[in-house]
Amino acid sequence: MDTPYGSAPKPVWERPEPQPRAAPVPLSREKIAATAIRLADAHGLDGLSLRKIAKELGVGPMRLYDYVINRSELLDLMVDVVYARIAEVSQHSEWRATVLAVAHATRAAALDHEWFSDLLGGRPHLGPHALAVGEATAAALSQAPGVRGIDDLQRAVGALNAVIIGAVRREVTERRTARSAGTDEAAWQASLGPYLTRMLETGKYPTVARLVIDGAHLDAEETFNHNLATVLDGITSHPHT
């Protein structure tokens, strides 16, 4: 059957829920997504599959295909559930407050659901809640004093996303490394420590040496807030001509 997308099926958000079936376990996309999120929170995305979700729900895997065509659609549903949480905080009367609320909610969501950070920065998220967050953010940035037209707005959205996505992905990666490193991390540091010391003592890398020797371990939340404020201050300023 032809659709607005040619022969391809409508996106999962536009397809109606399948009719309820006389089965011991009732299903819905909401229930499937919630189960998938719980599994991904515990085991990450690598171990997530429709078969495992079906087992968790106590149904046959083929029943899930009535609700989602493939794993990609499942991830779309999961991501939009997280965006629903972010969307709840995105309405403020002042543009900067809106942007800060979205940024902090995105970071909090990524720390609660680490797999979410793995899906940021790739293809655009187009679910209804993701679009709501995108609209709130873009509308807020369009009110910034330094944003004079669509080109400025595109650059502002891009800069903000780069800071948020880069920060949360790095923070999640560091958390994962800290959890899993153990003796491997200690062994890695012990093996490369002497090499790094020799290289820094050559005097060829004075700024790197300062960072390694004098630099403190910065608090992730404080750094996030500082970098976010720096970007918003830049957006607020009128662009140079």
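The values are calculated or read from the model by the stated rules, or taken from the named source; none is laboratory data. Values in this document were obtained by computation on a predicted structure and should not be read as measured data. Every residue, glycine among them, receives a Cβ derived from its backbone with ideal geometry; neighbour counts consider all protein chains shown.
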Q. When you scan the stretch 14-63, how many residues do you find that are of a type outside the set (A, V, I, L, M, F, W, C), in a helix (DSSP H, G or I) and free of Cβ contacts under 8 Å to residues at least 60 places away in the same chain?
A. 12
Q: Among residues belonging to the stretch 41-52 that are under 14 Å from Ser72 (Cα atoms) and among the hydrophobic types (A, V, I, L, M, F, W, C), point out the one that is surrounded by the fewest Cβ atoms within 10 Å (Cβ to Cβ).
A: Leu45
Q.
Looking only at the stretch 80-105, how many residues end up being within 23 Å of Val12 (Cα to Cα) and either among the β-branched types (Val, Ile, Thr) or surrounded by 19 or more Cβ atoms within 10 Å (Cβ to Cβ) (or both)?
A. 6
Q: Any residue in the stretch 93-122 that's more than 28 Å from Pro145 (Cβ to Cβ) and in contact (Cβ under 8 Å) with a residue 60 or more places away in the chain: show its pairings with residues that are of a type in the set (D, E, K, R) and in a helix (DSSP H, G or I) at Cβ separation under 6 Å, as long as the two are six or more apart or on different chains.
A: His113/Asp41
Q | Residues (part of a loop (DSSP other than H, G, I, E, B) and loosely packed, with under 15 Cβ neighbours inside 10 Å) located in the stretch 129-162 | A | Gln143, Pro145, Arg148, Gly149
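Okay, residues lined up against (1) in contact with a strand residue (DSSP E or B) (Cβ under 7 Å, 6 or more places away or on another chain); (2) at pLDDT 95 or above; (3) farther than 22 Å from Asn227 by Cβ:
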site: Ile69; (1), (2), (3): no, no, yes
site: Glu73; (1), (2), (3): no, no, yes
site: Val79; (1), (2), (3): no, yes, yes
site: Tyr83; (1), (2), (3): no, yes, yes
site: Val89; (1), (2), (3): no, no, no
site: Glu94; (1), (2), (3): no, no, no
site: Ala109; (1), (2), (3): no, yes, no
site: Glu114; (1), (2), (3): no, yes, no
site: Arg123; (1), (2), (3): no, no, yes
Q) touching a residue at least 12 places away in the same chain (Cβ under 8 Å), surrounded by fewer than 16 Cβ atoms within 10 Å (Cβ to Cβ) and within 20 Å of Ser72 (Cβ to Cβ): does that describe Leu126? A) yes
Q. Of all residues in the stretch 1-28, how many are basic (Lys, Arg) and either surrounded by 12 or more Cβ atoms within 10 Å (Cβ to Cβ) or modelled with pLDDT of 70 or more (or both)?
A. 2
Q) Somewhere in the stretch 106-114, is a residue in a helix (DSSP H, G or I), within 9 Å of the chain's Cα centre (by Cα) and basic (Lys, Arg)? A) yes
Q) If you go through the stretch 56-79 one residue at a time, do you hit one that is surrounded by fewer than 16 Cβ atoms within 10 Å (Cβ to Cβ) and on the phi > 0 side of the Ramachandran plot? A) yes
